[in-house]
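Notes follow once the structure below has been shown.
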Amino acid sequence: MITAAGGWIAFDRFMALALYHPGLGYYANDRPKFGAMPTQLQDGQRVEGSDFVTAPEMSALFGQALAVQVAQALQVTQTNEVWEFGAGSGALALQLLEALGDQVQRYCIVDLSGSLRARQQLRLQRFADKVEWVTELPARLQAVVVGNEVLDAMPVQLLVRQSGAWHERGVALQGEDFVWQDLPTDLRPPVEIDGPHDYLTEIHPQAESFIRTLADRLTQGAAFFLDYGFPEGEYYHPQRNTGTVMCHYAHRSDPDPLADVGLKDITAHVNFTGIALAGQDAGLTVLGYTTQARFLMNCGLLSKMERATHAERAQALKLITEHEMGELFKVTAFGAGPEWEPLGFAVGDRSHTL
């Protein structure tokens, strides 16, 4: 692929291939990905397990709390469909379907991974009459959309400033090894980076294009995205000079996406200002932006924890504590149609920071 492209491909192309190339990409292979344990026992033998855990696998109370917000959105927007992007193990879909009951007549999953679709189908077979898998959005959509940790998996472009000059960082070959190679570019981060020091960062054209496409199709409804990231002022802070690209394998993290390609996840933090502007400029209303902790508490997580077991409370606490997922993870929402106030942002809305 690199040779055919003239010896160099941009990092977003490399990231897309590493994650989604049929049969070879990380999300296209059959290895376990989601779960709490890096290894597990099978027939008395230790076998390879998951690479990372997301909120729905950590605690079923995550989906139950999110369902409270989705229920309000379905009622306010007078819709009865839920669309989930990047459904992972299917855990969140199961939690939402169980909690929402007859409020949802149709649950559509958009997932690029065939192996994950198979696992989702197995997990959701009890709701086979409601759930379907699709590959693209319809021309017109009336629904509530959810996406948990989906924006961070969308390929990013890398920009590097060295000795005052900006380059796009891409990937070339050196023998059989992948190596970094920088080419001059007219691309720039969306804000000026103060200082003369060398600086590496990302821009997110694919994620922003996804939001614009969603805005074009969503004629009535709402969309909620939960992910880790920052507003623009924090994302492009002068001290954040090594970027946010990170890899995950066996519950360990490393910053080298050129090693073990196809065997580990590659992600980048989300620039929530860029996401909000993409939606707003395309005609959606930004309904709110806050931390995951504040959002889940607004949706009644604490009262649900009171009725849980001690072990369940301990896991749910990780969703909202600052040093775990509570502060780094954010939630943003868009609306199509008349503006309204989602209960998830009733207290602690940070839209003014975007």
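The values are calculated or read from the model by the stated rules, or taken from the named source; none is laboratory data. All values reported here derive from a predicted model rather than from experimental measurement. Neighbour counts are summed over all protein chains in view; Cβ atoms, including those assigned to glycine, are modelled from backbone coordinates with ideal geometry. Keep in mind that these areas ignore ligands, DNA and RNA; they rest on the heavy atoms of the full protein, side chains included. Shrake-Rupley method; radii C 1.70, N 1.55, O 1.52, S 1.80 Å.
Just to be sure, is D216 outside any loop (DSSP other than H, G, I, E, B) and either open to solvent by less than 60 Å² (accessible area, probe 1.4 Å) or among the charged types (D, E, K, R) (or both)? It is true that D216 is outside any loop (DSSP other than H, G, I, E, B) and either open to solvent by less than 60 Å² (accessible area, probe 1.4 Å) or among the charged types (D, E, K, R) (or both). Give the residues of the range 141-171 that are among the charged types (D, E, K, R) and open to solvent by less than 10 Å² (accessible area, probe 1.4 Å), sorted by residue number. Listed by number, the list holds a single entry, D152. If you filter the range 297-354 down to residues that are touching a strand residue (DSSP E or B) at 6+ places or on another chain (Cβ under 8 Å) and among the charged types (D, E, K, R), you find that the one that is nearest to G229 (Cα to Cα) is K330.
What about K318, is it within 22 Å of the chain's Cα centre (by Cα) and open to solvent by 60 Å² or more (accessible area, probe 1.4 Å)?
So K318 passes the test.
Scanning the range 65-80 for residues that are outside any helix (DSSP H, G or I) and open to solvent by 40 Å² or more (accessible area, probe 1.4 Å) turns up Q78, N80.
Matching residues to (1) farther than 27 Å from A215 by Cβ; (2) free of Cβ contacts under 8 Å to residues at least 60 places away in the same chain; (3) not basic (K, R):
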| position | (1), (2), (3) |
| --- | --- |
| R294 | no, yes, no |
| R307 | yes, yes, no |
| A333 | no, no, yes |
| G337 | no, no, yes |
| H352 | no, yes, yes |
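Matching residues to (1) on the phi > 0 side of the Ramachandran plot; (2) aliphatic (A, V, I, L, M):
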| residue | (1), (2) |
| --- | --- |
| H251 | yes, no |
| L258 | no, yes |
| V270 | no, yes |
| T291 | no, no |
| F295 | no, no |
| Q315 | no, no |
| G326 | no, no |
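On the basis of being more than 30 Å from R313 (Cα to Cα), open to solvent by 20 Å² or more (accessible area, probe 1.4 Å) and modelled with pLDDT of 90 or more, does Y27 make the cut? Taking the combined requirement at face value, the residue does not satisfy it.
Given R169, R140, which one is touching a residue at least 12 places away in the same chain (Cβ under 8 Å) and within 21 Å of E81 (Cβ to Cβ)?
Being touching a residue at least 12 places away in the same chain (Cβ under 8 Å) and within 21 Å of E81 (Cβ to Cβ) holds for just one of R169, R140, which is R140.
Residues in the range 172-192 that are open to solvent by 70 Å² or more (accessible area, probe 1.4 Å) and touching a His at 6+ places or on another chain (Cβ under 6 Å): 1 in all.
Between N271, N298, the distinction of being polar (S, T, N, Q), modelled with pLDDT of 95 or more and touching a Pro at 6+ places or on another chain (Cβ under 8 Å) belongs to N271 only.
Residues that are in contact (Cβ under 8 Å) with a residue 60 or more places away in the chain, closer than 30 Å to R140 by Cβ and not aromatic (F, W, Y) do occur in the range 256-270, at least one of them.
Residues in the range 222-238 that are closer than 17 Å to E327 by Cβ and of a type in the set (S, T, Y): 2 in all.
Among the numbered conditions (1) open to solvent by 40 Å² or more (accessible area, probe 1.4 Å); (2) under 24 Å from A93 (Cβ atoms); (3) in contact with a Leu (Cβ under 8 Å, 6 or more places away or on another chain), the only one that P138 does not meet is (3).
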